[in-house]
Amino acid sequence: MDRKIKINKDKKLIMIGKIKDYFLKERGDDLGDLAAELVLDFFIEELAPDIYNTAIEDSYTYINDKLQDLFALQIVKRK
């Protein structure tokens, strides 16, 4: 299954602004919108899938732990 990470336009514009701010503050580089968008696209394609998958694994572990807690609440009949 081929899933792509989708980011809506408003959030993408905010992220581009943050990338531009970061490069200016940390590197002294004044990136244009296109350059910042290319950096963002690189992160989305190359790094985001690993981050996303780690979040899925963490969520699975958390939910599984909570389900185990739920089973601990079962009532056992007396014999």
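What the table below lists for this structure:
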{"quantity": "Unique match (being loosely packed, with under 10 Cβ neighbours inside 10 Å and charged (D, E, K, R)) among 18, 12, 4", "calculated": "4"}
{"quantity": "Of residues in segment 22-79 being closer than 24 Å to residue 4 by Cβ and among the acidic types (Asp, Glu), the one surrounded by the most Cβ atoms within 10 Å (Cβ to Cβ)", "calculated": "37"}
{"quantity": "Residue within segment 34-44 that is in contact with a Lys or Arg (Cβ under 8 Å, 6 or more places away or on another chain) and among the small types (Gly, Ala, Ser) present", "calculated": "yes"}
{"quantity": "Qualifying residue in segment 16-27 (condition: over 20 Å from residue 53 (Cα atoms), part of a loop (DSSP other than H, G, I, E, B) and not charged (D, E, K, R))", "calculated": "no"}
{"quantity": "Options 71, 23, 43; residue that is touching a Leu at 6+ places or on another chain (Cβ under 7 Å), at negative phi, without any contact (Cβ under 8 Å) to a residue 60 or more places away in the chain and aromatic (Phe, Trp, Tyr)", "calculated": "23"}
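Throughout, read-outs are computed from the coordinates displayed, never taken from laboratory work. This one's a predicted model, so the numbers in the text were calculated from it and none came from an experiment. Neighbour counts are summed over all protein chains in view; Cβ atoms, including those assigned to glycine, are modelled from backbone coordinates with ideal geometry.
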